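Just so it is clear, none of the values below were taken in a lab; they were calculated from the coordinates. Not measured: the values here are computed from a predicted model. Reconstructed Cβ throughout: ideal geometry from the backbone, glycine too, with neighbour counts over all protein chains shown.
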Amino acid sequence: MRHFVDLYVIRPKTAAVRNTTWKELGFSDYYLSRGGKLGSVQGFGGLPPPAHLVDSLEHDLRLGPLPFAGFFFKPVKPLVRRFLETRLTGSLILASLVEDLPYEDNRVELAADGRLHLRYRIRRTERKRVTQMRRHLRRLLKPYHPLLIKQAENNERLAHACGTCRFGLNAADSVLDGDNRAHDLSNLYVIDASFFPSSGGTNPSLTIAANALRVAEKIAARI
């Protein structure tokens with residue numbers, strides 16, 4: 001699983017903002033919306049230089065459903081870079097994080113040749129929730145003239161990867177027990193985001209830290 005992340009470039013209403021790379025804002029107003037889970041919004045910090053962003057955009061176009069679009073993009077590339085340089089100067093970047101839910105066919109497998117194979121596709125329900133979040137934020141940020149940089153559907157934008165080490169009662173259908181200990185190795189504990197039952201709708205750092213403290217107490221008691 002991963003978070004479906006979009007970026008919003010907004011113009012502050014005040015000139016008091018001196019450093020636009022700080023991550024000072026976060027809210028979870030849309031974590032629950034009309035009975036469903038969407039996610040949260042947080043400060044993103046600084047973006048890569050505009051030249052790098054333009055190169056990345058050209059790369060995405062070439063790998064997209066219309067590869068020839070990359071050919072037509074090349075002549076306007078300098079104009080796009082200039083636009084981004086102007087638009088990003090003095091702007092704040094917000095990131096929306098939409099929860100990714102677990103599906104059995106989204107998984108990491110060991111291929112016959114020994115390589116890791118990642119199977120992942122975005123379901124229709126997830127696309128619908130991404131659209132709902134975009135609708136909410138467009139309305140909320142309208143006074144700040146937001147520039148939406150869509151990244152949620154791009155599988156190369158892997159944000160906050162989690163899952164793959166499932167909780168459970170036995171080794172037949174899970175990797176870890178309820179204390180994050182591997183079923184088959186008594187001295188192996190997995191306490192990163194791989195044990196998450198879903199990606200959640202917020203940055204996972206504090207959840208990982210809190211669970212690490214819980215597991216540390218379990219290990220101390222066991223010793």
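When the helices of the chain are scored as -39500 (n - 2.57) per DSSP H run of n ≥ 4 and the total is divided over every residue, the value at 222 nm lands at -9500 deg cm²/dmol.
Based on C-alpha pairs under 8 angstrom that are at least 6 apart in sequence, the chain has a relative contact order of 28 percent.
With +1 on each Lys and Arg Cβ and -1 on each Asp and Glu Cβ, how big is the dipole of the chain about its Cα centre, in debye rounded to the nearest 20?
1200
For segment 147-210, the relative contact order works out to 30 percent when only alpha carbon pairs closer than 8 Å and six or more residues apart are counted. Shape verdict for segment 1-144, please, from the Cα gyration tensor: rounded (a/c under 1.5), prolate (a/b greater than b/c) or oblate. It is oblate, given that a/c is not under 1.5 and a/b is not larger than b/c.
Restricting to bridges with both residues inside the chain, how much of the DSSP beta-bridge set is antiparallel, in percent to the nearest 5?
If we restrict to bridges inside the chain, about 95 percent are antiparallel.
Under a Gaussian network description of the chain, with springs only between Cα atoms under 10 Å, the residue in 155, 106, 170 that fluctuates furthest is 170. Within segment 1-76, which trypsin sites (Lys or Arg not before Pro) sit in a loop by DSSP and count at most 16 neighbouring Cβ atoms inside 10 Å? Loop-located and lightly packed - 13, 18, 23, 34. Farthest toward the positive end of the dipole of the chain, out of 10, 125, 28, is the Cα of 10, where the dipole comes from beta carbon charges about the Cα centre.
Once the Cα-Cα distance is subtracted from the 0.36 nm per residue extended length, the residue 13 to residue 108 segment shows a gain of 29.7 nm.
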